[in-house]
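For reference, the structure is listed below as structure tokens.
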Amino acid sequence: MHPAAARPAAGAQAGRPGPGRSSAARLEEICGLAAAIRLDIREALVLPLRAPSPGLLLGKGQVERLAGLVAAHGAEVVVIDSRITPVQQKNLETALGAKVIDRTSLILEIFGERAATAEGRLQVELAHLEYQAGRLVRTWTHLERQRGGFGFLGGPGETQIEADRRLLRDRIARIRRELEEVRRTRGLHRARRRKAPVPAIALVGYTNAGKSTLFNRLTGSRVLAEDLLFATLDPTIRRIRLPGAGAAVLSDTVGFVSDLPTELVAAFRATLEEVTEADLIVHVRDVAHPDSEAQAADVRAILGSLGLDDGQVPVIEVLNKADLLDPLEREALAGRGGQLLVSARTGEGVEALVAAMAGALLHGGAPETLTLHPSDGRRRAWLHAHAEILSETEEDGMVRLTVRLGEAARARYRAL
């Protein structure tokens with residue numbers, strides 16, 4: 001399947017939806033994923049399963065129904081919103097007369113098209129190779145032939161499939177070494193930031209929650225922001241200034257999705273480390289989406305898998321796309337504690353978010369009193385720009401300031 005070409009496709013959501021998620025919403029999401037690589041969707045339907053068939057996943061009647069739809073629409077691709085085994089894929093393709101891809105393959109295809117940097121392309125290739133490595137045995141039956149062996153080897157030659165497995169392993173090992181170098185480089189950059197030190201803030205959220213639009217609003221950047229699943233793959237980092245907290249770096253990260261393939265989580269480890277090393281996490285939610293709560297649960301689960309569920313890193317929850325809510329919905333959400341109602345598109349609530357980010361970075365810092373000479377304008381100005389000033393008085397010819405500093409700001413002040 002060439003991702004740049006629109007092809008007629010049929011989509012099916014098989015099995016049971018995830019917790020708190022309706023079948024209709026899950027079907028809408030898989031259609032959005034298919035549209036992200038410009039597949040022309042001709043039919044979309046939910047096929048309930050009592051017990052998945054080992055050979056076909058679907059029941060005989062369901063396969064016949066799908067085959068009829070494929071023939072009627074002339075579909076070239078059938079997307080199954082479930083993970084299918086190599087045997088199921090091969091049998092379904094034979095029965096339907098069309099290419100069959102599962103949820104993991106579809107997400108890998110999207111990532112392959114969107115990766116813009118060398119690092120992103122390496123990460124996607126690694127995920128794709130690791131996915132394919134486990135599928136060589138039964139899907140590539142034409143590789144079962146043997147090569148002729150050399151006389152000194154004794155016995156039969158290496159089978160073609162064994163050779164391809166070896167080539168895959170070699171390629172995977174090389175990409176991992178390159179990505180490890182990327183990880184070390186990122187680590188050096190983070191170490192330099194810590195020496196500065198500048199606090200790091202990571203925007204996370206479900207795909208298409210509006211992270212890039214909010215990132216652009218906060219930083220004045222022009223990062224690609226589209227109403228499209230996985231519009232952002234490669235992380236973008238910009239410096240911002242927060243009132244009372246000074247400078248910080250803000251990173252826009254790849255969007256999460258339910259049932260994110262384990263191959264992708266592993267491959268994007270270097271990118272996700274921007275999240276694990278953050279001093280503050282801003283969880284951006286699409287509050288207008290009917291499955292907003294389920295999406296939030298998916299994001300929290302992935303953060304937990306990264307070891308970020310212990311409360312050590314503060315999290316601000318942003319209810320984005322407030323401009324799409326009706327007055328009753330807005331009123332119901334307005335009183336929620338610990339959550340901010342925001343519209344990244346119109347700018348509503350962004351000022352309150354900036355103040356909350358500054359407060360979160362300063363939170364936990366005990367008030368302290370600093371004494372400065374009146375001529376020390378440099379430090380005094382720095383404190384006004386980077387700290388929360390609780391009081392300021394002049395006594396005995398000296399200036400006394402009671403301030404609250406975050407850990408990063410305190411270290412920078414000491415370095416002055």
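The values are calculated or read from the model by the stated rules, or taken from the named source; none is laboratory data. Quantities reported herein were computed from a predicted structural model and do not represent experimental measurements. Neighbour counts are summed over all protein chains in view; Cβ atoms, including those assigned to glycine, are modelled from backbone coordinates with ideal geometry.
Apart from one condition, E392 fits all of (1) acidic (D, E); (2) without any contact (Cβ under 8 Å) to a residue 40 or more places away in the chain; (3) assigned by TED's automatic domain parsing to the domain that holds T276; the exception is (3). Note on region 306-345: among residues that are among the polar types (S, T, N, Q) and assigned to a loop (DSSP other than H, G, I, E, B), the one that is modelled with the highest pLDDT is S343. Taken over region 34-56, the criterion of being in a loop (DSSP other than H, G, I, E, B), out of contact with any Pro (no Cβ under 6 Å at 6 or more places or on another chain) and either of a type outside the set (D, E, K, R) or modelled with pLDDT of 90 or more (or both) is satisfied by A36, L39, P48, L49, A51, P52, P54, G55, L56. Residue count for region 203-217 under the criterion of being in contact with a helix residue (DSSP H, G or I) (Cβ under 8 Å, 6 or more places away or on another chain), surrounded by 24 or more Cβ atoms within 10 Å (Cβ to Cβ) and in a helix (DSSP H, G or I): the result is 1. With respect to being of a type in the set (D, E), modelled with pLDDT of 90 or more and not in a loop (DSSP other than H, G, I, E, B), E29 falls outside the description. Of note, R103 does not satisfy the criterion of being within 30 Å of N208 (Cα to Cα), out of contact with any strand residue (DSSP E or B) (no Cβ under 7 Å at 6 or more places or on another chain) and surrounded by fewer than 18 Cβ atoms within 10 Å (Cβ to Cβ).
Output the number of residues of region 106-129 satisfying the condition of being in contact with a strand residue (DSSP E or B) (Cβ under 9 Å, 6 or more places away or on another chain) and of a type in the set (G, A, S). Here the count works out to 0. Restricting the first member to region 189-212 and to residues that are within 18 Å of V342 (Cα to Cα), and the second to residues that are small (G, A, S) and modelled with pLDDT of 85 or more, the beta-carbon pairs closer than 7 Å and six or more apart or on different chains are I201/A248; A202/S251; L203/S251; G210/A344; K211/G205. Among the residues here, G134 does not qualify as surrounded by fewer than 17 Cβ atoms within 10 Å (Cβ to Cβ) and at pLDDT 85 or above. Scanning region 279-319 for residues that are farther than 27 Å from A245 by Cα and of a type in the set (D, E) yields D286, D291, E293, D298.
Exactly one residue out of A411, A385, A352 is at pLDDT 85 or above and either in a helix (DSSP H, G or I) or in contact with a Lys or Arg (Cβ under 7 Å, 6 or more places away or on another chain) (or both), and it is A352.
Considering region 253-301, and only residues there that are within 23 Å of V198 (Cβ to Cβ) and either assigned by TED's automatic domain parsing to the domain that holds R103 or modelled with pLDDT of 85 or more (or both), the residue that is farthest from the chain's Cα centre (by Cα) turns out to be L280. Would you check if L27 is hydrophobic (A, V, I, L, M, F, W, C) and farther than 27 Å from V299 by Cβ? In short, no.
Under the condition of being at pLDDT below 80 and touching a helix residue (DSSP H, G or I) at 6+ places or on another chain (Cβ under 8 Å), the residues counted in region 388-408 number 5. Identify, please: which residue in region 65-87 is closer than 9 Å to D102 by Cα and touching an Asp or Glu at 6+ places or on another chain (Cβ under 7 Å) and is, among those, surrounded by the fewest Cβ atoms within 10 Å (Cβ to Cβ)? Result: R83. Taking the criterion of being touching a strand residue (DSSP E or B) at 6+ places or on another chain (Cβ under 9 Å), outside any loop (DSSP other than H, G, I, E, B) and of a type in the set (A, V, I, L, M, F, W, C), the residues of region 64-86 that qualify are L66, L69, V70, A72, V77, V78, V79, I80. Take P367 and decide whether it is at pLDDT below 80, more than 30 Å from D323 (Cβ to Cβ) and not small (G, A, S). Considered against the rule, which asks whether it is at pLDDT below 80, more than 30 Å from D323 (Cβ to Cβ) and not small (G, A, S), P367 comes out as yes. Residues in region 168-184 that are surrounded by 12 or more Cβ atoms within 10 Å (Cβ to Cβ) and closer than 14 Å to L272 by Cα: L179, E180, V182, R183.
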